[in-house]
Amino acid sequence: MDKTLDKKLDNAIWVAHSLFQRGKASGSVANLSFVHEDKMYITASGTCFGTLKADEFAVMDMDGNPYNEKKPSKEWPLHLSVFQAKPSTGAVLHVHSTYSVLWSCLPDLNESDCIPDHTPYLKMKLGTVGLIPYEKPGSQELFNEFEKRVKENDGWLLSHHGPVVPGNDIMEAFFALEELEESAHIAWELQKIT
């Protein structure tokens, strides 16, 4: 067996379980991916972060062609767009975490930097977060909007939907996602009192 791949799978499964257990991913709507030997490993359609196992990943080449029989998450084009636009990216996380989604529903957000930096940590762990206008999840329209903006930011908030966060590996993406959700939580609480 490939020990590097095993480690990437172990880390991805730990991240998925951790996010699910702490209420930052629910049901079967979250997805994650990582790159190994020029292939994208992405959670299969219908998988749950709470019960994710090593055999529940679809494998695709970097043009989106399948390597195994698993059906990938319907949002795989979002992940592939990040890998193609930012070649140093090793992993991508997408969840529907509560405060990020709440924040993404507010009107008049700055599309090029949509989460205020009330603390320094979001910029330190991730960078700027762009807002992607709402389109139906899994739709070609969403993929087109995302692809138009993928090079402009370090992470993204899909309006009325949730964050998409890259990293050099799945653990870095996880830490950045955690910071994004915490920053959205802080921003949400502060806007209620100002």
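No lab work stands behind these numbers, since they all come straight from the coordinates. Note that the structure is predicted; figures quoted are calculated from it, not measured. Virtual Cβ from ideal backbone geometry, glycine too; neighbours counted across all protein chains shown.
For the reader, a short list of remarks on this structure follows.
- Summed side-chain charge close to Pro137 - residues other than Pro137 whose Cβ falls under 15 Å, Lys, Arg +1, Asp, Glu -1: -2
- With Cα atoms as the point set, the range 131-194 shows a radius of gyration and Dmax of 13.2, 38 Å.
- Inter-label distance for Ser18 and Met62, nm, one decimal - labels placed 7 Å from Cα along Cα-to-Cβ: 2.7
- Cα Rg, Dmax, the range 1-107, angstrom units: 13.7, 50
- Cut-off under 5 Å, modelled amide H: who pairs with His36 long-range: Tyr41
- Computed [θ] at 222 nm, deg cm²/dmol, the chain (DSSP H ≥ 4; -39,500 (n - 2.57); rounded to nearest 500): -12000 deg cm²/dmol
- Between 0 and 90 degrees, the angle of helix 140-149 with respect to the longest Cα principal axis of the chain falls at about 70 degrees.
- Summarising the amide proton neighbourhood of Asn68: residues at separation of 5 or more, or on other chains, whose placed amide H is nearer than 5 Å comprise Val59.
- Neighbour-count ranking [beta-carbon atoms within 10 angstrom, fewest first] of Met171, Met124, Met60, Met40: Met124, Met171, Met60, Met40
- Integer Hz, Karplus 6.51/-1.76/1.60 couplings in order for the range 79-92, x for Gly and Pro: 5, 4, 4, 5, 4, 6, 7, 10, x, 7, 5, x, 7, 9
- Those lysines that a straight Cα-Cα span of less than 18 Å connects to Lys71, excepting residues fewer than 8 apart in one chain: Lys39, Lys53
- Computed from backbone phi, the HN-Hα couplings of the range 119-125 come to 10, x, 6, 4, 5, 5, 8 Hz, rounded to whole numbers (Karplus: 6.51 cos²θ - 1.76 cosθ + 1.60, θ = phi - 60°; Gly and Pro given as x).
- Cross-link partners of Lys3 among aspartates and glutamates (Cα-Cα below 14 Å; sequence separation of 8 or more within a chain): Glu37
- Calculated FRET value between Lys86 and Lys53, using beta carbons and R₀ = 30 Å, to 0.05: 0.60
- Segment Lys123-Glu141, extension gain: residue separation times 0.36 nm, minus the distance between their alpha carbons: 3.6 nm
- Backbone geometry of the range 181-194 corresponds, through the Karplus equation with coefficients 6.51, -1.76 and 1.60 at θ = phi - 60°, to 3J(HN,Hα) couplings of 5, 5, 5, 5, 4, 4, 4, 4, 5, 5, 5, 6, 10, 9 Hz, x marking Gly and Pro.
- Average projected area [Cα convex hull, the range 42-88], square nanometres: 3.6
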